[in-house]
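*Asks:* Please find one structure pasted underneath; my questions will follow.
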Amino acid sequence: MAKRFGDVVALDHVSLQVAQGELLTILGPSGSGKTTLLKVVAGFETPDGGTVKVGGIEITALPPARRDIGMVFQNYALFPHLSVAANVAFPLEMRNVGRSEIDTRVAQALAMVELKGYEARLPRQLSGGQQQRVALARAIVFNPRLLLLDEPFGALDRKLRETMQLEVRRLQRRLGLTTVFITHDQEEALVLSDRIAVMNKGTIQQVATTTEIYERPANDFVADFVGESNIFHGTMSAPGTVTFDGGRTLQVRSEKPAGAKVGVLMRPERFAPSGANVFTGEVVESVYLGTSFKLRLACEGGLELLVRQPARGPMPAAGARVTVGIDPESIHVF
Amino acid sequence: MKSRGFLPALPALILLFVFFLFPVVRMLGFSVEGGTFDWYAKALGEELYLRVFWNTFEIALLVTFFCLLLGYPLGFLMATTTPFWATAGFIFVLLPLWTSVLVRTYAWMVLLGRNGVFNRTLIESGIIADPIPLLHNFTGVLIGMVHVLLPYMVLPIYSAVRKVDPAIPAAAAGLGASSFAIFRRIYLPLTLNGIFAGSVLVFVLSLGFFITPALLGGGRVMMIAVLIEQQVREALNWPFAAALSAVLLVFTFAVYALAQRLTRTETAR
Amino acid sequence: MKTSPSRRLLVVACGLIYFFLMLPLLVVFPISLSSAPYMQFPPPGLSWQWYERYLDDPQWIDATWRSLYIGGATAVLALALGVPLAFALVRGKFFGRILIDRLALAPVIVPTIILSVAVYGLFAKLKLIGMWYGLVIAHTVLALPFVVLVIGAGLRDFDRSLEQAAEGLGASRWRTLARITLPLLRPSLVSAGLLAFISSFDEVVVALFMAGANMTLPKKMFDNIMMEIDPTIAAVSVMQILLVSIVLVLIGRFGRGLKDSAR
């Protein structure tokens with residue numbers, strides 16, 4: 001199965017494909033266009049150009065009611081005047097499914113999200129996590145061709161959010177649901193996704209697997225948005241060597257031709273006490289994070305580095321001189 | 001311009017055009033029948049009628065003043081008390097509001113008449129010897145109108161006081177402000193919009209008031225609305241009634257327009 | 001909580017103001033039960049005679065029924081026209097929307113006497129004077145602003161993601177309206193309908209001009225007050241106050257909160 005989201009003007013020439021059974025996350029800051037993209041797919045906005053296809057069939061002109069897309073809204077959008085069972089039964093009734101079949105499928109769906117026994121409750125009598133489960137059951141009960149999740153965990157506290165994330169992931173795998181998930185939380189995206197599409201200012205910056213996004217970001221924005229990072233710019237002075245403006249050089253692994261302007265990404269946790277590239281600097285700021293120390297180093301040549309070290313021994317105080325190293329394999333050039 | 005969702009408005013619009021806008025414009029048209037402005041000259045030139053306008057204006061101002069005087073404490077108390085008492089307060093404001101004006105006017109006649117409850121009580125307790133004239137005069141109309149229009153003042157003031165974050169007066173008290181200072185320096189400036197909205201509403205409604213002055217005024221207190229009714233029903237002088245209506249309408253809209261301008265500059269600041 | 005002297009003063013003052021507000025409503029109760037043949041206070045004794053006189057007089061009963069069905073018809077018509085209008089004004093995007101918004105609220109701003117005289121002039125021409133449906137039409141014009149205000153407020157607070165959810169789950173526009181939007185707006189609908197009913201049931205000025213020989217209850221009361229002050233009116237007033245109380249209780253129970261409608 002292939003899906004294409006194409007050429008939307010509010011979204012600048014966005015094109016995406018989601019594979020059958022895959023969980024694709026659209027990750028971006030607010031205002032990046034991810035919600036617009038979702039609305040176009042769900043049919044609440046019409047694109048100014050381009051097409052939306054599900055399973056090879058174009059649905060661009062179809063009203064939302066006929067798209068067969070299950071959606072979980074940010075605030076769940078449970079119908080407050082209907083019971084849990086009636087909420088879940090709603091999409092089946094709209095499809096004129098017979099009463100006895102509705103009952104069976106609603107029971108199945110509620111069992112799947114572990115809400116047996118809550119059928120008669122009203123949404124306001126449920127906790128946030130339970131409301132979330134109802135919304136999920138309602139979105140999958142009619143076997144939609146595609147499941148859309150719009151920042152569904154935003155309202156939950158941290159612990160509950162992590163439980164729900166894993167649960168959604170399990171359910172999605174088990175049912176083989178093709179899913180598009182929207183979030184601004186990069187950690188959440190890394191936990192849940194098969195692939196991530198990073199969006200900014202209406203364009204897709206990079207679409208790749210989670211490891212690829214983290215290890216080999218395509219540009220500054222992706223590198224900066226996902227995880228902590230040290231990003232510098234320089235020129236390839238020779239194969240495998242980057243020279244910065246201050247004259248400092250760095251040994252890297254890269255096929256880029258000499259003379260090319262490049263960006264360099266070093267993740268803070270990749271620094272070791274020694275390595276092929278050595279930095280010495282003064283600690284400007286140090287923070288204790290339990291499992292690690294987070295240090296900000298002012299190095300020679302005006303470079304400022306963010307470094308994480310395992311929390312072992314005393315934490316280097318501000319003003320102390322620290323030397324760290326990093327190997328070429330741990331540096332990503334783009 | 002792209003237009004969306006207009007159709008549902010159409011039936012109501014037709015009703016408003018045919019049975020509201022058209023008749024009003026048609027009636028106002030009578031005032032310039034024959035191409036003369038004589039009726040306007042009569043309405044605005046003759047002392048008799050000018051005095052009616054002035055009367056109306058004076059009553060409206062006084063009613064607004066008394067409504068504010070009585071309405072502010074009520075709105076304030078309702079907005080700052082416990083939910084139970086606020087609900088009770090609401091009932092006591094809304095019950096009179098939705099009770100027929102006729103019932104209330106009748107009750108005031110019973111209360112204020114020569115042999116009414118007030119005068120009887122006062123005479124029997126020996127405070128006065130002869131009944132005080134309270135009905136069929138200025139005082140009676142004023143009392144009746146303040147009673148009818150008071151809820152229109154209370155409700156906007158209530159919502160204005162509600163909007164004041166209770167932490168602000170609490171902070172002021174913590175900084176050493178007295179109750180009076182808190183009212184004058186905090187509540188009064190923050191609720192000016194509500195005071196203004198209520199006052200404009202009461203004033204405009206007073207201008208066009210009919211039932212209360214007609215019954216409690218007993219023909220001795222003439223307001224524009226009463227004059228218009230007389231011209232139509234007794235004198236059958238449609239053109240003059242139309243001219244009076246036009247003047248009243250212009251007055252009403254002018255007050256509204258002025259109020260809107262003032263609130264706009266108020267919020268712009 | 002400690003009550004400051006100024007707060008106590010405020011409470012006392014408000015007590016007096018509430019007394020002023022409620023006094024006319026309370027005074028009609030003893031009068032309506034008076035055994036005296038004319039207005040006398042305090043009543044020398046108790047009797048049901050004024051209620052009996054009301055119930056035995058076909059004119060009063062006719063007027064009451066007429067007011068009830070005119071009020072009911074007004075509520076129905078005002079909702080039928082006002083609800084779609086409120087939808088258009090809150091959700092539509094079209095040329096002249098603000099102008100139409102002003103027009104819909106104008107009947108409360110334009111003095112009722114002007115509206116009455118104007119509509120009277122037109123209806124006299126159309127021979128609609130004394131027709132109950134003529135009054136329904138005029139009362140609907142007057143009730144429309146209440147409906148638009150109450151329903152408009154309900155719609156503005158409405159969470160539209162619920163409608164999107166319903167559509168996304170396969171409901172057509174109409175089914176969404178019937179299953180989601182209108183059921184959720186029910187409190188506003190109840191309040192708007194009852195307010196429209198009461199506004200017609202209480203209305204005097206238009207009725208004064210247009211009822212003709214077929215009197216409504218307020219018109220009958222007005223004429224009686226003009227002619228003679230007879231405690232039958234007190235009995236009618238008591239029933240009117242009780243009816244309004246019931247309506248307010250209904251609004252409080254099934255409608256959008258009273259406090260919300262103040263905004």
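*Asks:* How many angstrom lie between the C-alpha centres of segment B:196-269 and segment C:135-201?
*Replies:* That distance is 32 Å.
*Asks:* Specify the angular offset, from 0 to 90 degrees and rounded to the nearest 10, of the alpha carbon long axis of helix C:97-109 from the longest principal axis of the alpha carbons in chain C.
*Replies:* With both axes taken from Cα atoms, the answer is about 0 degrees.
*Asks:* Would you kindly give the portion of the calculated P(r) for the protein assembly as shown that falls above 39 Å, as a percent of all Cα pairs?
*Replies:* Working: 216602 of 374545 pairs.
Counting every Cα pair in the protein assembly as shown, those more than 39 Å apart make up 58 percent.
*Asks:* Would you calculate, for chain C, the mean residue ellipticity at 222 nm contributed by helices, counting each DSSP H stretch of 4 or more residues as -39,500 (n - 2.57) and dividing by all residues, to the nearest 500?
*Replies:* It comes out at -25000 deg cm²/dmol, rounded to the nearest 500.
*Asks:* Something else now. Ignore the peptide's own chain and count Cβ atoms of other chains within 10 Å of each Cβ in B:77-88; give me the average, rounded.
*Replies:* Details: counts 8, 3, 1, 2, 4, 1, 1, 0, 2, 1, 4, 1.
Counting Cβ atoms of other protein chains within 10 Å of each residue's Cβ and averaging gives 2.
*Asks:* Test of understanding: ordering B:Trp85, B:Trp39 by Cβ neighbours within 10 Å, fewest first, what list do you get?
*Replies:* On the way: B:Trp85 14, B:Trp39 23.
Ascending number of Cβ neighbours within 10 Å: B:Trp85, B:Trp39.
*Asks:* If you look at just the Cα atoms of chain C, how large are its Rg and its Dmax in Å?
*Replies:* Answer for chain C, Rg first and Dmax second: 22.3, 71 Å.
*Asks:* Note the angle between two axes, namely the Cα long axis of helix A:158-175 and the longest principal axis of the Cα atoms of chain A, as a number of degrees from 0 to 90, rounded to the nearest 10.
*Replies:* Approximately 60 degrees, to the nearest ten.
*Asks:* Then there is this: At what distance in angstrom do the alpha carbon centres of segment C:85-107 and segment A:237-253 lie from each other?
*Replies:* Taking the Cα centre of segment A:237-253 as reference, the centre of segment C:85-107 is 67 Å away.
*Asks:* Follow-up. Fewest to most neighbouring Cβ within 10 Å: what's the order for B:Met153, C:Met131?
*Replies:* Numbers: B:Met153 29, C:Met131 16.
Taking fewest neighbouring Cβ atoms as first place, the list is C:Met131, B:Met153.
*Asks:* What are the extents of the Cα atoms of segment B:50-268 along their three principal axes, in Å, largest first?
*Replies:* 64, 51, 27
*Asks:* What is the Cα centroid distance between segment A:179-197 and segment A:60-105, reported in whole angstrom?
*Replies:* That distance is 25 Å.
*Asks:* If you don't mind, another one. Along segment C:241-253, what does the Karplus equation 6.51 cos²θ - 1.76 cosθ + 1.60 (θ = phi - 60°) give for ³J(HN,Hα), rounded to whole Hz, x for Gly and Pro?
*Replies:* So the Karplus estimates, Gly and Pro as x, are 4, 5, 4, 4, 4, 4, 4, 5, 4, 4, 4, x, 7 Hz.
*Asks:* Considering only B:Phe66, B:Phe19, B:Phe53, give the residue with the highest GNM mean-square fluctuation for chain B, with springs between Cα atoms whenever their separation is below 10 Å.
*Replies:* Looking only at B:Phe66, B:Phe19, B:Phe53, the largest GNM fluctuation is found for B:Phe19.
*Asks:* Quote to one decimal, in nm, the extra length available between A:Asp185 and A:Ala238 on full extension: 0.36 nm per residue of separation minus the C-alpha distance between them. Working shown, then result.
*Replies:* On the way: separation 53, 0.36 × 53 = 19.08 nm, distance 3.82 nm.
Contour length minus the Cα-Cα distance gives 15.3 nm.
*Asks:* If you don't mind, another one. Would you calculate the separation in nanometres between label points at B:Ile128 and A:Glu282, each defined as 7 Å from the Cα along the Cα-to-beta-carbon direction?
*Replies:* 9.2 nm
*Asks:* Also: Using a simple spin-label model with points 7 Å from Cα along the Cα→Cβ vector, what separation in nm is obtained for C:Met239 and B:Ala88?
*Replies:* Using points 7 Å along Cα→Cβ, the separation is 3.2 nm.
*Asks:* Note the per residue figure in Å³ for the convex hull of the C-alpha positions in segment C:170-209. It would help to have the intermediate numbers written out before the result.
*Replies:* Values: hull volume 2.6 nm³, N = 40.
Taking the convex hull of the Cα positions in segment C:170-209, it is 66 Å³ per residue.
*Asks:* Counting DSSP beta bridges in the protein assembly as shown, what percent are antiparallel, to the nearest 5?
*Replies:* Details: 48 of 65 bridges.
Close to 75 percent.
*Asks:* Helix-only mean residue ellipticity at 222 nm, chain A, DSSP H runs n ≥ 4 weighted -39,500 (n - 2.57), per residue, nearest 500. What is it? Numbers along the way, then the final one.
*Replies:* Working: 8 runs with 84 residues, N = 334.
Per the formula, -7500 deg cm²/dmol.
*Asks:* Averaged across C:39-49, how many Cβ atoms of other chains sit within 10 Å of each residue's Cβ atom?
*Replies:* Values: counts 6, 2, 9, 3, 0, 0, 0, 0, 0, 0, 0.
What the average comes to for C:39-49 is 2.
*Asks:* Using helices alone, what [θ] at 222 nm do you get for chain B, with -39,500 (n - 2.57) per DSSP H run of 4 or more residues, divided over all residues and rounded to the nearest 500? Don't jump to the answer; show the numbers that get you there.
*Replies:* Working: 14 runs with 195 residues, N = 269.
Mean residue ellipticity at 222 nm (helix-derived): -23500 deg cm²/dmol.
*Asks:* Turning to a different aspect of this structure: Label 7 Å along Cα→Cβ of A:Asn219; segment A:250-266 residues with amide nitrogen under 13 Å?
*Replies:* Only A:263 fall inside the zone, counting backbone N under 13 Å.
*Asks:* Using 1/(1 + (r/R0)^6) with R0 = 22 angstrom and r between the beta carbons of C:Phe254 and C:Tyr133, what's the FRET efficiency to the nearest 0.05?
*Replies:* With a Förster radius of 22 Å, E is 0.20.
*Asks:* What is the angle, in °, between the Cα long axis of helix C:112-126 and the longest principal axis of the Cα atoms in chain C? Nearest 10 is fine, range 0 to 90.
*Replies:* Compared with the principal axis, the helix lies near 80 degrees.
*Asks:* Order of B:233-240, C:152-159 by packing, highest average Cβ count within 10 Å first? Intermediate results must be reported in sequence, preceding the final value.
*Replies:* Numbers: B:233-240: 14.5, C:152-159: 16.6.
Going from most to least packed, we get C:152-159, B:233-240.
*Asks:* Something else now. For A:Thr249 and A:Glu304 in the same chain, what is the full-extension length gain: residue separation times 0.36 nm, less their Cα-Cα distance, in nm?
*Replies:* Working: separation 55, 0.36 × 55 = 19.80 nm, distance 1.49 nm.
Answer, rounded to one decimal: 18.3 nm.
*Asks:* Could you order the peptides C:62-72, B:166-176, A:106-116, A:35-45 from most to least packed, using the average number of other C-beta atoms within 10 Å per residue? Spell out each step's value before the answer.
*Replies:* Numbers: C:62-72: 19.0, B:166-176: 12.1, A:106-116: 16.8, A:35-45: 21.4.
Top of the packing list down: A:35-45, C:62-72, A:106-116, B:166-176.
*Asks:* Still on this model: Any of A:Lys116/A:Lys159; A:Lys201/C:Lys93; A:Lys39/A:Lys159; A:Lys53/A:Lys116 with alpha carbons more than 26 Å apart? Name them for me.
*Replies:* Values: A:Lys116/A:Lys159 23 Å; A:Lys201/C:Lys93 28 Å; A:Lys39/A:Lys159 29 Å; A:Lys53/A:Lys116 36 Å.
A:Lys201/C:Lys93; A:Lys39/A:Lys159; A:Lys53/A:Lys116, as the Cα separations exceed 26 Å there.
*Asks:* For chain B, what are the DSSP H helices with axial Cα length of 24 Å or more and mean Kyte-Doolittle hydropathy of at least -1.0?
*Replies:* Details: long enough: B:47-80 (49 Å, 1.36); B:138-163 (37 Å, 1.30); B:238-268 (44 Å, 1.00).
Taking the DSSP H segments of chain B (at least 24 Å long, mean hydropathy at least -1.0), we get B:47-80, B:138-163, B:238-268.
*Asks:* How well do other chains shield peptide A:302-309, expressed as the mean number of their Cβ atoms within 10 Å of each residue Cβ?
*Replies:* Details: counts 0, 0, 0, 0, 0, 0, 0, 0.
Taking all residues of A:302-309 together, the mean is 0.
*Asks:* Same structure again: Give me the one-decimal nm value for the distance between modelled label points at A:Met315 and B:Glu33, 7 Å along each residue's Cα-to-Cβ direction.
*Replies:* About 9.3 nm separates the two model spin labels.
*Asks:* With a Förster radius of 35 Å, plug the Cβ-Cβ distance of A:Arg173 and A:Lys53 into 1/(1 + (r/R0)^6) and report the FRET value to the nearest 0.05. Before the final figure, lay out the partial values.
*Replies:* Values: r = 24 Å, r/R0 = 0.69.
The pair A:Arg173/A:Lys53 has a calculated efficiency of 0.90.
*Asks:* I would also like to ask the following. Exposure proxy check: C:Leu135, C:Leu79, C:Leu177 ranked by fewest other beta carbons within 10 Å?
*Replies:* On the way: C:Leu135 31, C:Leu79 21, C:Leu177 16.
Ordered from fewest to most neighbouring Cβ atoms within 10 Å, C:Leu135, C:Leu79, C:Leu177 come out as C:Leu177, C:Leu79, C:Leu135.
*Asks:* Take peptides C:137-148, C:40-51, A:293-304 and line them up by average Cβ neighbours within 10 Å, highest first, as a rough protection proxy.
*Replies:* Values: C:137-148: 26.2, C:40-51: 14.3, A:293-304: 16.2.
Per-residue Cβ counts within 10 Å, averaged per peptide and sorted highest first, yield C:137-148, A:293-304, C:40-51.
We did not get these values from a lab; they are worked out from the coordinates using the rules stated. The structure displayed is predicted, hence computed values, not measured ones. Using ideal geometry, Cβ is built from the backbone for each residue, glycine included, and neighbour counts are taken over all protein chains shown.
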